[in-house]
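> Structure in structure tokens, see below.
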Amino acid sequence: MIPTHPLLALSLSSFAEQTAARTPTPGGGSVAAYMGTLGASLGAMAARFTSGRKGFEAHESALGTEVARLDELAARLSALVDEDSRSYDTVTNAYALPKESEEQKAARRDAIQAALRVALAAPLATCRTAVAALGELDTLATHVNPNLASDVAVGAYALGAAYRGAWMNVLINLGGLKDEAFRAAILAEGETLSSSAQRLEQRVSAAILSGLKS
């Protein structure tokens, strides 16, 4: 069951209106996490509808595992919708700190650096979770009911977009950090995650398209 959070409690139209409003949140990070939630949820739906259908008996155990795993990943991504917005508020609060004296300036610099790490954590978690969900769809694509193949493909596209959007938010926060070792570690992880996200999205898409054309 996907937990309820302040942004997720909004209707679809209200969420879109709040995104379009002249307010800093929800922004790209929250939208990326929400796209990921929808992508994982589409995969879970396709697995549920395939489960119990004649001709898919041999895949019943795998389908059950995929449903549970995709539900878990969708819940994590949904939590990140609000987590990203909260972390942005942490950054704006840090930048708003006084900077009259040298002591205040130093405290403000430290607070900004700490806040940027917090703000980076949410989109990075979205990236990791989106890649994990793409891995589940990669497996699901091999045995999903053909009538639900397009749902799996759309789910993969949504997760791919979620990954790319979240990674952009990682980079924008990473740019303000002074810790070079930390920056290098995140960039190295990003190379691995980006490669996996691209490969998995393309594999799911190719598997689905191949089945639709045959």
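> Enumerate the helices in the chain for which the Kyte-Doolittle hydropathy averages 0.0 or more and the C-alpha atoms extend at least 30 Å along the helix's axis, using complete DSSP H runs.
Values: long enough: 28-50 (33 Å, 0.80); 60-95 (53 Å, -0.30); 102-140 (57 Å, 0.24); 149-174 (37 Å, 0.87); 180-213 (49 Å, 0.11).
TM-like helix candidates: 28-50, 102-140, 149-174, 180-213.
> When only Cα pairs under 8 Å and 6 or more residues apart are kept, what is the percent relative contact order across the chain?
For the chain, the relative contact order is 27 percent.
> Return the FRET efficiency for the residue pair Ala96, Ser194: r is the Cβ-Cβ distance, R0 is 41 Å, and the value is rounded to the nearest 0.05.
Between Ala96 and Ser194 the formula returns 0.75.
> If you don't mind, there's one more thing I want to ask. Can you compute the radius of gyration and Dmax for the range 135-214, using only the Cα atoms, both in Å?
16.0, 53
> For the chain, give the percent of accessible area contributed by carbon and sulfur heavy atoms, probe 1.4 Å, rounded to a whole number.
Here carbon and sulfur together make up 58 percent of the probe-accessible area.
> What whole-number value in Å² describes the accessible area per residue of the range 1-142 for a 1.4 Å probe?
51 Å²
> Mind checking which of Ser150, Ser194, Ser14 has the largest fluctuation in a GNM of the chain, springs on alpha carbons under 10 Å?
Ser14
> In the set (1) 73, 38, 27; (2) 46, 38, 28; (3) 61, 35, 31, which value of Cα extents along the principal axes in Å was calculated from the structure you see?
Only one listed value fits the structure, namely (1).
> Dipole size in debye (nearest 20) for the range 18-155 around its Cα centre, Lys and Arg Cβ +1, Asp and Glu Cβ -1? Provide the component values of the computation, followed by the final result.
Numbers: 13 positive and 16 negative charges, 48 e Å.
Rounded to the nearest 20 debye, it is 220 debye.
> With springs connecting C-alpha atoms under 10 Å apart, model the chain as a Gaussian network and identify which of Ala106, Ala121, Ala16 has the largest mean-square fluctuation.
Fluctuation is largest for Ala106.
> Report the far tail of the P(r) of the range 57-132, meaning the percent of Cα-Cα pairs longer than 20 Å. Kindly include the intermediate steps, with their values, before the conclusion.
Numbers: 1460 of 2850 pairs.
Summing the P(r) tail past 20 Å for the range 57-132 gives 51 percent.
> Length gain on complete extension for the stretch Ala181 to Gln18, per 0.36 nm per residue less the alpha carbon to alpha carbon distance?
Length gained, Ala181 through Gln18: 55.0 nm.
> Could you tell me the relative contact order of the range 90-145? Use alpha-carbon pairs under 8 Å, at least six residues apart, and round to a whole percent.
30 percent
The values are calculated or read from the model by the stated rules, or taken from the named source; none is laboratory data. Everything numeric here is computed off the predicted structure, so don't read it as measured data. Every residue, glycine among them, receives a Cβ derived from its backbone with ideal geometry; neighbour counts consider all protein chains shown. Just so you know, the surface numbers come from the protein's heavy atoms only, side chains and all, with ligands and any DNA or RNA stripped out. Shrake-Rupley method; radii C 1.70, N 1.55, O 1.52, S 1.80 Å.
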